[in-house]
Amino acid sequence: MSAYPKTHNPFADDDEDVEDFGRGGGYDDSSDSGLSEPERRQRWLQQEVMRTAQSAADSSQRSLGLIYESEKMGTETAEELMRQGEALRRTEKMVDGMDQDLKTSQRHINSIRSVWGGFVNYFKAKPEATPPPETAPAYQPSSKLQNALTESKGQEHKYQESHPNLRKLPTSGAADSMPGSSSSHNGQPRNQVLKSAHQQLDDNLDEMCSGLSRLKNLGLGLQGEIESQDDSLDKLLGKVDNMDLKIRKTDQQIKDLK
């Protein structure tokens, strides 16, 4: 592992780049032979400013694409979680129905086990009709998750536009926007191209802030839904354990009747 000497200047490389601006670094000096040294240095610095600005705009565009991709994964997770919530609620309803069937079976067994059961039941008044058991309410995801999902689904087209395999927008990389040795590029002055790059960077940063805010809301909605489904699972497991005990008890009572 190499280390810099104590006398090393960490900014020496940058200084050398400035000093050697005409001998490398992608500088096009084919038409600058008639310029003085200060003019050539100024031309080189202008190109470096343009290259840096466009590089920052391209980098923000890639970061924005990653945010859209993460948001799409979050929406898919939310939709799958909602389907899972509906399945849990249907399972809970089935367990409640089985529990009612077990109660009916228990009443029949008690009637059969009683010696005078049939005689007593003949003179006993008919039992009042029991109201149907309360059914579990329909599944309803949290409003926080629904709102976050709706907001993120509205941005799905931006994911398609930013994805390299899906987008149909014209690409404008650094190589297309970099000016050459002339004072204009594609008929646009240099300052106009630089202003356009800065505007693109500002717009991307604003959209990144909005995307991160949507991701935060989506994450909070997912967290709340997961916690709610954990509670439903605990409740469902308790019902299943209770029903298992009733089944064992009923099975033993039927065996005793033989």
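Suppose the chain between Asp99 and Met73 were pulled fully straight at 0.36 nm per residue; how much longer would it get relative to their current alpha carbon spacing?
5.5 nm
If packing is taken as the average count of other Cβ atoms within 10 Å, what order do 69-82, 237-250 fall into, highest mean first?
The packing order, highest mean first, is 69-82, 237-250.
What is the spin-label model distance, in nm, from Thr52 to Leu245 if the labels are put 7 Å beyond Cα along the C-beta direction?
A separation of 7.4 nm, rounded to one decimal place.
Quick one: net charge of Glu71's neighbours, Cβ under 12 Å, K/R +1, D/E -1?
Summing Lys and Arg as +1 and Asp and Glu as -1 gives 0.
If I take R0 = 45 Å and measure r between the Cβ atoms of Glu37 and Gln84 in this structure, what FRET efficiency does the formula 1/(1 + (r/R0)^6) give, to the nearest 0.05?
That pair, Glu37 with Gln84, gives E of 0.05.
Just to verify a number: FRET efficiency for Asp202 and His157, C-beta to C-beta distance, R0 = 25 Å, to 0.05?
Here the calculated transfer efficiency is 0.70.
Describe numerically, in nm with one decimal, the distance between label points set 7 Å from Cα along Cα→Cβ at Ile254 and at Lys216.
Placing both labels 7 Å beyond Cα along the Cβ direction yields 5.9 nm.
Give Lys153/Lys195; Lys144/Lys239; Lys158/Lys216 a once-over and call out the pairs whose C-alpha atoms are over 21 Å from each other.
Result: Lys153/Lys195; Lys144/Lys239 exceed 21 Å.
Where a number appears in this text, it was derived from the coordinates with a stated rule and is not lab data. Just so we're clear, the structure is a prediction, and the values are computed from it rather than from any experiment. Heads up, the Cβs are rebuilt from the backbone with ideal geometry, glycines too, and the neighbour counts pull from every protein chain shown.
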